Structures are given as structure tokens and as C-alpha cells.
Amino acid sequence: MAAIHYKQRIKSLQSLIALLLLCIVLTILTDKFFTADNGLNVLRQTAVNICIATGMTLVVLTAGIDLSVGSVLALCGAIAAGLLKNGIALQATDTYIGFTILGVILVAIIVGAVLGWFNGFVITKFNVPPFVATLAMLTIARGFTMLYTKGQPISNLGAKFAFIGAGSFLGIPVPVWIALAVVLIAAFITRQTRLGRYIYAIGGNETAARFSGINISAVKMIVYALAGAMAAIGGIIVTSRLDSAQPNAGSSYELDAIAAVVIGGTSLSGGRGTIWGTVMGAIIIGVLNNGLVLLNVSPFWQQVVKGAVILLAVIIDKLDKKD
Amino acid sequence: MLIARNITKKFAGVTALNNVNLELHAGKVNAIVGENGAGKSTLMKILSGVYTQYEGDIIFKGNKVRFASTREAEDAGIAIIHQELNLVPHLTIAENIFLGKELTNSWGMLDKAKMNSHTKRLLEKVNLNLRPDTLISKLKVGQQQLVEIAKALHANAEVIIMDEPTSAITDKEVDHLFAIIDELKAEGKIIVYISHKLKELFLKADRYTVLRDGADITSGDMSTISQEELVEKMAGRKVVIEKNISDAIYNEPLLQVKNISLKNAQDAGSYLVKDVSFTLHKGEILGLYGLMGAGRTELIETIYGLHPGLGKGEIVIEGAPKKITAPARAIASGIMLVPEDRKLQGLCLGLGVRKNISVAVLKQLEENGLFLNMRKETALAKDYIQLLNIKTASQNTLSRNLSGGNQQKIVIAKWLAKNPKVLLLDEPTRGIDVGAKSEIYKLIRELASTGVGVLVVSSEIPEVLALANRVLVMCEGEITADMPVADATEANMLTSAIHKN
């Protein structure tokens, strides 16, 4: 009994231990790693991935996947930038609607949630595999981003808006605060709410969940909507940090998010994993990126190392499950 | 001739076959009959190399054989055609027949022409007028069965075991199958025929062997026995069964099921459940007995809202008609199901005991409609773990790590927490040890005494007799008997359960 608990605790700390080891090694190898500046830098760079990966975790816990988050991020970021800069001008009635910063943030999050909800709708109502449905959305959302931006960046959004991505509050970058809020909300959902319990039940055994009277479609649609909303939040941060909405922003971000989820110990077959693990996974990827740069490792090798770490994480997880 | 001598097979303490002797004659149709659980399947799995651990000998063509795999049995000439056919739907007939033994040309490439022409000859033999490159998914069940036979012929099988071959095919296809059986007989093959349909057995079989409770009771020529005698031999049991007879009168209708039918999704025009009606009263335990494939599970699944597009009929709870199109609706109406397969349908094995018990009542545990009150949840789980005597190390122990009996108790606890009006239990004690079984019986009786209506589906006659106040028997999708338990006997239940025409 005690042994089992001990083992479970070790397991939940596994990714934290890996992260600490990584940090120790980098501290020894380079004197620039272990500084407050660099630490905040890593967190600032990781914040966007934490937001996206948190949403991705909810989806993966239901045994799904969301490949569209990178494109959704780009579209929502572009809409936020476009509305902030140009508002909506209705020529027919000769009216102009301007948007506050809070207004564009709200609109972007709602658009992200609706796109995500649509993913969930297609997946549950037409029985389309999540891989395919969200792959289609990846292309569709990217296409709309190109249409909306006409393929050009939307830049110069003002100092106030730039504060979201580049500013600091109490000495900590604003994106880190935002990511923290997203993580706390998601952790609350998974641990303390009915929705969270249903997410684990559906991922663990969808048939049993259905037999128990859980509305599978509703839960999945909410989960994909949350993932879309969190991607939108990532989009706002990215747009603000660059002071520009790039039409090709967020390309392949879904892969980093999935990597964080997997390294964090969440099972791709659903039902098992934690938000905490994903946060660790995202930070491990961030530290690894940062450390490899500091060590002057060529960008090409960086990709190889990152891939190897993902493989290692999954293999350790599999070996662990065997006994 | 194939002789099995003193075959004994044990599963984790349970004896499935006890010293069974079997003789299969060449050029004859050898029928093997017995109730569910009599050991027919186990015996066939030993003959065909599925089970490799057993005591006893198999003598085939004068030599002692012992197969280490199904492939070895197949190579030796023993083929089994399972009830659930084993063909790959997206491959062609020829590709299926040559699966794993593909012919190649001198370049190492697949020799499709040769395989197709070979297949064509085989299909002619089984009178199946189709091109060898037809996809299996385009075939009807009966045609797929013929492909399986062609596959067996291709493997030069001398023993062909057919498990319930007519359970899913039309009368015309049955005639077709019988003609082929006659041909195979004439060629001197050993046909093993397993069926619940007595009429077929008396029409086609030459010899019979009766299995009961894992032992061979008797065997002989079909011509020397009558239908009544055969049923008697299948049923006759030494143990005295304790019936649940009481003076209580149940007259307050709780669940009325009216004209429930369920279409067969695989075979348009046929029905898995045909026009079934019955009433379950408050506090009553209804036992539903039937053989495999009688439509029992399909009936309660239809009541539970699992086949919204295919099922029809009326369900009335306490006088109010209910439209049940999903399990959630059934549960809202007070109908709850303990499903047949607790691991696949009843539990989230990767979640802890507590979370499985509370999953259906989370709404009641919510505070301010927002977060779950964990203290309430823990208390609830604690109550039910005590009440049902669930043996678990802690509330967080994964359900996967509990024994079958304790897992089943979790599923029952889940519904008790939700206060069911009607509890449907499908094979509630399958794979559960004797101790846990009697605990579950006690629980069911106590539940009924509080006014819950209980419907127990079971393949075991003793179980039905031990639990039920009233007995229903199903056969081929229809209710064939509805009687008080006092009138029910093993013989009349079995008679009602066996297809006769």
C-alpha cells in the first residue's frame, strides 16, 4: 500500500525531476542559464505554448487531438489586431464601430471558442475522427487568416496593446500571468468540477460513460471550444508581443503543444494525465530550446534533440506502465 | 476418425471440462448439444488449437496430436467456422482465402491470377456464384459463411467445426448450407455441428453428444433418440435448486414494455427483437432466460435507449409513457442498467473506485453549480463501499485492480446512489466467484424488497430460479414463456428457449 502511494507520488513528480535535472546540467554547462533574466525569458517564451498545451490536454484527455490550434491562434490574433486598428466600417449605413482592447480580446476568445466548438460539433455529430476534423480546420482557419489579412501583417497596434505581450507586472512578464490564469482555470476544471470528471470518464471508457448517462457530445464540444479559446488567448499574446499579427503566425505550434502534453505524461489514448504535467512538459521544451541556444548548438541539431526527448519521455512512460 | 480422450480443462480453479470423451466419425455430421456453459465452446477451442493447456489426449487418424496453435491445427486439417465470422471485410474473397498463405510468382510478387482461379474453383464447390475479387464487405452473412467453408476446403480440412452456423442466415441460405454439408459428408469429411436448433439437428445430424456442466453425458445415433429425450438429457441436473417463491403479490405496475421490436442493422428486414411486451411490478424480480442469441441483451439495450434508430415500441413508467432515445433519458426516467460486460460498458477501469461510484450523481454533489464537494463525494463512496462490502484498499484504488465481483458491486453502487426505480441487470454474476455471487443475489433481493423493480437477464437457469419471482423466456427475439417461478422448471424453461420450427 505505502509502496504504491510512494510510487504514484514519484510518478507525478517525474516530469518535475526531469526538469530539475535538465536545469542543473545547463547551470553547470553555461553560466548564462541560471540567472533571473534568463529564467523570466524562458517563461515568457513558454507562456504561449502553455496556453495552447493546456487546452490540448483537455482534448487529449477525452482521447481526442486538436491540430487546428496554430491556425486558430493566427486567425484570432489577426482578428484582434484588425478590429483594434481598423474597427468595423459599415458603408451601407455609414457607421463605424471601434473596439477597445478589452473588446478585441473578448471577440478573439469568442471566435476561438466557436471554431473549437465547430470542431467538436463535426467530431460528435458526424463521427469524424478528431485527427481529420481538426486537420481540416487547420487549413480552413489558415485560409481565413490569409483572407482577413490579405496576406499582409497588421502592425503598429499601440503601446497599450503591446503591454499584454511585452510588459511586466510585479516583475513578472504579463504573458506568464496570463498563462498562470489559464492553467489555474484548467486545473480547477479537471480536478474540481463535474465537467472535469466527465472528461476523464469519457477518455477512460467512452462506452461506460455513455451507459452512465453522460452526454458525450456536449462534453466534447465544450472541451474543443475551450481548446479554441485557449489558442485564441495564445494568439493575443503572440500578436501583442510582436506588435503585429502575422498571417503565418502559429504554424506548427500544435506540434509543440502535443509534445508538451506527451512529455507531461498524458496518455494519447485518453483518460490519464494532468494539467500540471503538461505545464512541466511545456517548460521542459522551453528550457531545452533556451539551453541549446546558450550552448551554441546548431538549430538543426536542436530539432533532433527535441525529437529525441519526446521519444524518451513516451518510452519511459510505457516502460513504467508495464510493471 | 477423431477421438478425444479424458479431456479436462480448468480455468483459474473453475473446471470447464471434466474428463470428457468424444468420438467424431468421418462422413458423418456429429452434433454437439448442451446448454450455455456446458463446455461446448471450450472443447471446440481445444480441438482447434486455441487452448493449448489441458489434460487428456486427442487422437486424430490414429496418431496422438497436440496442437500448439490454431495454425498447427489448421495444418493438420482441423478448421473451425466461428459464430462471429473471421474474415477481413476490406479484402477480396481470394485475398481472404489465401491470407497468410499467399501464392507468389518467380519474382516474389503476388500471383493474383493463380489465386483468383483457384478461388473460383473453391467457390464453385460451395455453390457461391461470385467473382473471387469481390470484397467481403459486399457479402451477406450467409455468403461469408460459405467463404469460410471454402477457406476450410482450401486448407484441406478434414474436420470442419461449425458453431451455430444457421444463427444469422436466412432459410434459403440454410438450405444451401445443408446441401454443401451433404457433399462434404459424401467426401468423407468429419462435420462437427453445434446448434441450439433441434429441428436442424434431427434433420442433418447423424450422431449426437450431449455435454452438461463440463462432462459428456451420453452420445449415440441421432435416429435412436427423440427430441424430448435429448432435451431431458441436456437439462437433467442433480443439484437441487432453491427457488425464490414467496406469497407476496406484485400488482403495482412499474415498467410496462409494449410491442418492443429491434431491427437487425446487419440484415435489413429481419428483427433481433420481435414485438415483445411485458410488465414489471413494484418490488418484483423478473428473470429473463434465453440461449445465446435469443435477443435478451438486445431487448434491454432497446429499453435503455441504446438503439434509437432501430428500435420501436412503447415504454411506460408508473403510467406515464416515456420516449427513451439515449441512456441519459432512461436514467432520468429511473431505468438503470448494469451491463453485460462490466469492463467494457460498466466501468472506467483507469479511474478509482470513488470516481466510478459517483459518476452518475455528480450533479447532486455540486456546490453552487460550479465545483464538486469532495467531502460529500468521499462520504457517499464510503457509504456504498460499506453497504455493498466492496473489498478495496482505498477509495482511490483503480477499478482495474479489483476482482470481478467487487467491480460488479461498483457498477451496482453507481446506480444505487442514483435511486433507481427499475434496475436492469445483464448477466450480473458472469465470471464472478461463488462468494461474491451469493452476496450479489442477496443485494438484488434486498433492493427489490424496497420497491425497486428488477429485471435479471441470465443464461443460467439456476440463477433465474434463485432470484426471480416471475420467469420470462426468450427465443429468437420473442417471449416464449411468462410464468410464475413456482411453475418454472429446468425442462420447461429449456424447452421454451430452444427453437423448434
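The values are calculated or read from the model by the stated rules, or taken from the named source; none is laboratory data. These figures come from a predicted structure and were not determined experimentally. Note: ideal-geometry Cβ built from the backbone for every residue, glycine included; neighbour counts use all protein chains shown.
A few points about this structure:
- Residue selection: B:ALA157 satisfies the criterion of being of a type outside the set (Lys, Arg) and under 22 Å from B:ASP75 (Cα atoms).
- Looking only at the range B:92-109, and only at residues there that are under 12 Å from B:THR119 (Cβ atoms) and not charged (D, E, K, R), the one that is surrounded by the most Cβ atoms within 10 Å (Cβ to Cβ): B:ILE93
- Residues (of a type in the set (Gly, Ala, Ser) and in contact (Cβ under 8 Å) with a residue 24 or more places away in the chain) located in the range B:24-65: B:ALA26, B:GLY27, B:ALA31, B:GLY34, B:GLY37, B:ALA38, B:GLY39, B:SER41, B:SER48, B:GLY49, B:GLY56
This table checks each residue for (1) more than 10 Å from chain A (Cβ to nearest Cβ); (2) touching a strand residue (DSSP E or B) at 6+ places or on another chain (Cβ under 8 Å); (3) surrounded by 21 or more Cβ atoms within 10 Å (Cβ to Cβ).
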position: B:GLU298; (1), (2), (3): yes, yes, yes
position: B:LYS322; (1), (2), (3): yes, yes, no
position: B:ASN356; (1), (2), (3): no, no, yes
position: B:ILE385; (1), (2), (3): yes, no, yes
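- The strands (runs of 3 or more DSSP E) found wholly in the range B:25-112 and carrying at least 2 residues that are within 27 Å of the chain's Cα centre (by Cα) occupy B:29-33, B:78-81.
- Residues in the range B:161-170 that are crowded, with 24+ Cβ neighbours inside 10 Å and either touching a Leu at 6+ places or on another chain (Cβ under 8 Å) or farther than 18 Å from B:LYS125 by Cα (or both): B:ILE161, B:PRO165.
- Only one entry of A:THR139, A:THR145, A:THR149, A:THR100 meets the criterion of being free of Cβ contacts under 8 Å to residues at least 12 places away in the same chain, under 20 Å from A:LEU75 (Cα atoms), hydroxyl-bearing (Ser, Thr, Tyr) and more than 14 Å from chain B (Cβ to nearest Cβ), and that entry is A:THR100.
- Evaluation of B:CYS348 against (1) at the interface with another protein chain (Cβ under 10 Å from one of its Cβ atoms); (2) in a loop (DSSP other than H, G, I, E, B); (3) surrounded by fewer than 21 Cβ atoms within 10 Å (Cβ to Cβ) (one fails), failing number: (3)
- Checked against (1) farther than 30 Å from B:ALA491 by Cβ; (2) of a type outside the set (S, T, N, Q); (3) buried (at least 21 other Cβ atoms within 10 Å of the Cβ), B:ALA31 passes all but condition (1).
Every residue, every condition in (1) at the interface with another protein chain (Cβ under 8 Å from one of its Cβ atoms); (2) within 20 Å of A:ILE216 (Cβ to Cβ), yes or no:
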{"residue": "B:PRO327", "(1), (2)": "yes, yes"}
{"residue": "B:ILE331", "(1), (2)": "yes, yes"}
{"residue": "B:GLY352", "(1), (2)": "no, no"}
{"residue": "B:LEU370", "(1), (2)": "yes, no"}
{"residue": "B:LYS414", "(1), (2)": "yes, yes"}
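- Taken together, the residues in the range B:269-303 that are among the hydrophobic types (A, V, I, L, M, F, W, C), over 21 Å from B:HIS196 (Cα atoms) and in a helix (DSSP H, G or I) amount to 2.
Per-residue answers, yes or no, for (1) at pLDDT below 90; (2) surrounded by fewer than 20 Cβ atoms within 10 Å (Cβ to Cβ):
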| residue | (1), (2) |
| --- | --- |
| B:GLU84 | yes, yes |
| B:MET115 | no, no |
| B:LEU123 | no, no |
| B:LEU135 | no, yes |
| B:ALA152 | yes, no |
| B:ALA155 | yes, yes |
| B:LYS172 | yes, yes |
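- Pairing each residue of the range B:473-501 that is at positive phi with any residue that is charged (D, E, K, R), provided the two are 6+ apart or on different chains, yields C-beta distances under 9 Å for B:GLU476/B:LYS274; B:GLY477/B:LYS274; B:GLY477/B:ASP275; B:GLY477/B:GLU298.
- The residues listed here are B:ALA436, B:ALA466, B:ALA448; of these, the one that is closer than 21 Å to B:TYR250 by Cα and touching a Gly at 6+ places or on another chain (Cβ under 6 Å) is B:ALA448.
- The number of residues in the range B:19-78 being over 22 Å from B:PRO165 (Cα atoms), in contact with a Leu (Cβ under 9 Å, 6 or more places away or on another chain) and at pLDDT below 90 comes to 1.
- Residues that are among the hydroxyl-bearing types (Ser, Thr, Tyr) and within 13 Å of another protein chain (Cβ to nearest Cβ), drawn from the range A:166-210: A:THR190, A:THR193, A:TYR198, A:TYR200, A:THR207
- Where A:VAL223 falls short, out of the listed (1) buried (at least 18 other Cβ atoms within 10 Å of the Cβ); (2) within 14 Å of chain B (Cβ to nearest Cβ): (2)
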